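Colleague: My questions all concern the structure below.
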Amino acid sequence: MKPLATRHSLLAILAVFFATVLFTLGVFEISFPDVFSLTEMGFVLEKFPHAWKYGLHIGIAEVVLGALLIIPAWKINRSLTERILEVLIRLGIGGMFIFASVFKIADPKGFAVLVAQYQFLPHNLVNLWALILPQIEFWFGLALIVTPFVKECVLVILALFASFIIALVWALALDLGITCGCFQIDGAQSKAEAWTALVRDLILLGPTAWLLTRENKSLYFSLLTMR
Amino acid sequence: MLKKLNIKFLIGLGLFCILAAVANNLRAPKDKSVEWIGGQEVLEKPK
C-alpha cells in the first residue's frame, strides 16, 4: 500500500471516529442525559447556568455535526468509510435493541402496563404485544450483529422504529403524559419523555435505513475485508 | 428488493420469537407474567 493511500485511509478512519463519537454523544444528550449530558456537567453550568435547558438542542447539533463529518471521510476513502460505518451501525443499532429488550423480557407484566398507557392497541392485544415485541427486539437485534441477513433484519427493525414513532406521536397528540418505556419500566406514570424518545427514533431511522444499501454479509467478513 | 429477501429467515426467526415469548411468560414468576389474551389497567395521568 502506498504511504499516501495509508495516510488518506488514516484520515478517513479519524474522521469516522470523531463522527461516531459526536453522533453517539448527541444521542446520549437527547435520550440518556442521566447517563451522560454535556449540558449538565459542573464546569459547563458554571459558565452557562442555563445550559441544562438546551440539552435537546445541543444533542441535535452534535448529531448533525457528526453526520457532516462523514462527508470528508467519504470523499477521502469511500469504500473504507462505508465499511467502518456498516460495522459500527450494525453493532450500535443491534446492541441498542438487545439492551432495550432485556428489562422488558425480565418483566413482561411491567412492560404490558407501559404498553397499556399508550391506549393505542385494543385491550386484548396489549399483553400479547408486550410479550412478543421484546423478543423481536432481542433476536433481530442479535441477528443484525451475528448473521449475514442485514436487509431482512433492517426491515424488521425499521418496522419497529415506525411502530415506536407512531405510538409516541399518538401519545403526544393525546397528551397522555407518559414515559417512553423504551429502556426502563420504572415511572410508567412519570412526566412525558416522549418528545426526546421521538427525536431519538427519528434520528436513528437514517443510519438504520442506510444499511438497506449494503450487501448481505456477516460482520466478521466485513471486518476481514476492511482496508 | 422484496424478491431478494430471505423469507424463510424472516418467517423462521419470527416464529422463534413467538415461541420465545411463550417460554418467557411461562418461566416468569407469577407477579411478572401476564394472561395471554388481555390487557392492563390504564393509570391516571400524572399532574
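Colleague: Dividing the Cα convex hull volume of chain A by residue count, how many Å³ per residue is that?
Modeller: Cα convex hull per residue, to the nearest whole number: 131 Å³.
Colleague: Same structure, new question: Using only DSSP helix segments of four residues or longer, with each worth -39500 (n - 2.57), what per-residue ellipticity at 222 nm results for the protein assembly as shown after dividing by its residue count and rounding to 500?
Modeller: Computed ellipticity for the protein assembly as shown at 222 nm equals -23000 deg cm²/dmol.
Colleague: With labels modelled as points extended 7 Å from the Cα through the Cβ direction, what inter-label distance (nm, one decimal) is found for residue A:68 paired with residue A:106?
Modeller: 4.0
Colleague: Tell me, what ³J(HN,Hα) does each residue in region A:104-113 have, in order and in whole Hz, if you take phi through Karplus 6.51 cos²θ - 1.76 cosθ + 1.60 with θ = phi - 60° and put x for Gly and Pro?
Modeller: Per-residue couplings from phi come out as 6, 6, 5, 9, x, 5, x, 5, 5, 4 Hz.
Colleague: Check cross-link reach from residue A:109 to the aspartates and glutamates: straight Cα distance under 16 Å, and skip same-chain residues fewer than eight apart.
Modeller: Output for residue A:109: A:186, B:31, B:35, B:41.
Colleague: To continue, here is another question. Using only Cα atoms and rounding to the nearest 10 degrees, what angle (0 to 90) does helix A:126-146 make with the longest principal axis of chain A?
Modeller: Between helix and principal axis, roughly 10 degrees.
Colleague: Oh, and also: Output the 0 to 90 degree angle, nearest 10, between the alpha-carbon long axis of helix B:7-27 and the longest principal axis computed from the alpha carbons of chain B.
Modeller: Its long axis makes an angle of about 30 degrees.
Colleague: Can you list the HN-Hα couplings for region A:64-78, worked out from phi with the Karplus curve (6.51, -1.76, 1.60; θ = phi - 60°), rounded to whole Hz and with x for Gly and Pro?
Modeller: 5, 4, x, 5, 5, 5, 5, 4, x, 4, 5, 6, 6, 8, 5
Readers should treat all values here as calculations from the given coordinates under stated rules, not as data from a laboratory. Predicted, not measured: the structure shown is a model, and the values here were computed from it. In this analysis, Cβ positions are derived from the backbone assuming ideal geometry, glycine residues included, and neighbour counts consider all displayed protein chains.
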